[in-house]
Amino acid sequence: MTAWICATCGNQHADTPEPPAVCAVCADERQWVPPTGQRWTSLAALAAAGHHSDVREVEPGLLGVGVDPPVAIGQRGLVVRTDEGNLLWDPPGFVDDAAVGAVRGAGGLVAVAASHPHFYGTIVEWSRAFGADILLPAADEGW
């Protein structure tokens, strides 16, 4: 099966044989579905199209995790390094082995979080790769 990624917002959805009828995030009144309609992609399709992760130090103790070329809304995640373990904030809509390796080299992850539903990206992929907790605000539980 394929974990479908919304081509508009970059959020990954559950593994299903067929893509969902609609992306819940894009169907929300605060977002939009393009005039051309809902489109879906996958990690494999994005990689085949030439997307790759771009991980670099932003400043001491802070790594930026982006995608080149950008995917969907193009957010950059941030790995905040702490003595208690590292947190990935606002994961992008694509992840590959190189990004996982770079973050593993920086100490791995204990948690993954997002500022709001538009920025969930590949949060589950990151959590699985590191056995990291996913932290979400109670107000976003429905998402």
Check on ALA106, surrounded by 15 or more Cβ atoms within 10 Å (Cβ to Cβ), out of contact with any helix residue (DSSP H, G or I) (no Cβ under 9 Å at 6 or more places or on another chain) and in contact (Cβ under 8 Å) with a residue 24 or more places away in the chain | yes
Identify, by number, the condition in (1) closer than 21 Å to ILE134 by Cα; (2) in contact (Cβ under 8 Å) with a residue 12 or more places away in the chain; (3) of a type in the set (D, E, K, R); (4) loosely packed, with under 15 Cβ neighbours inside 10 Å that ASP28 doesn't meet.
-> (1)
The condition from (1) in a loop (DSSP other than H, G, I, E, B); (2) loosely packed, with under 14 Cβ neighbours inside 10 Å that PRO91 misses is numbered (2)
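Can you work out which of the residues in the range 123-141 that are part of a loop (DSSP other than H, G, I, E, B) and out of contact with any helix residue (DSSP H, G or I) (no Cβ under 9 Å at 6 or more places or on another chain) is nearest to GLU84 (Cα to Cα)?
Just the residues of the range 123-141 that are part of a loop (DSSP other than H, G, I, E, B), to begin with: 131-132, 136-137, 141.
Okay, now just the ones that are also out of contact with any helix residue (DSSP H, G or I) (no Cβ under 9 Å at 6 or more places or on another chain), so 131, 137, 141.
On the way: GLY131: 15, PRO137: 20, GLU141: 25 Å.
This residue is GLY131.
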Given VAL65, VAL112, VAL124, VAL100, which one is over 18 Å from VAL25 (Cβ atoms), among the β-branched types (Val, Ile, Thr) and touching a strand residue (DSSP E or B) at 6+ places or on another chain (Cβ under 7 Å)?
-> VAL65
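Test of understanding: among ALA44, ALA72, ALA49, ALA3, which residue is closer than 21 Å to VAL103 by Cβ, of a type in the set (Gly, Ala, Ser) and open to solvent by 70 Å² or more (accessible area, probe 1.4 Å)? Full working, then the answer.
Working: ALA72 fails: open to solvent by 70 Å² or more (accessible area, probe 1.4 Å); ALA49 fails: closer than 21 Å to VAL103 by Cβ; ALA3 fails: open to solvent by 70 Å² or more (accessible area, probe 1.4 Å).
Just a single option satisfies the conditions, and that option is ALA44.
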Within the range 4-37, can you find the residues that are within 14 Å of ILE123 (Cβ to Cβ), at pLDDT 90 or above and not in a loop (DSSP other than H, G, I, E, B)?
-> ILE5, CYS6, GLN12, HIS13
Quick one: VAL100 ticks every box in (1) among the hydrophobic types (A, V, I, L, M, F, W, C); (2) farther than 21 Å from ALA45 by Cβ; (3) open to solvent by 20 Å² or more (accessible area, probe 1.4 Å); (4) free of Cβ contacts under 8 Å to residues at least 40 places away in the same chain bar one, so which box is it?
-> (2)
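Kindly check whether there is at least one residue in the range 38-58 that is at pLDDT below 90 and assigned to a loop (DSSP other than H, G, I, E, B). Steps first, answer last, please.
Step one: filter the range 38-58 for residues at pLDDT below 90, giving 38.
Filter again for assigned to a loop (DSSP other than H, G, I, E, B), leaving 38.
Yes, there is a match, as at least one residue in the range 38-58 is at pLDDT below 90 and assigned to a loop (DSSP other than H, G, I, E, B).
The values are calculated or read from the model by the stated rules, or taken from the named source; none is laboratory data. Here the structure is a predicted model, which is why all the values come from computation and not from measurement. So basically every Cβ, Gly included, is an ideal-geometry build from the backbone, and we count neighbours across all protein chains shown. Accessible surface is based on the protein model in full, side chains and every heavy atom, while ligands, DNA and RNA are left aside. Shrake-Rupley method; radii C 1.70, N 1.55, O 1.52, S 1.80 Å.
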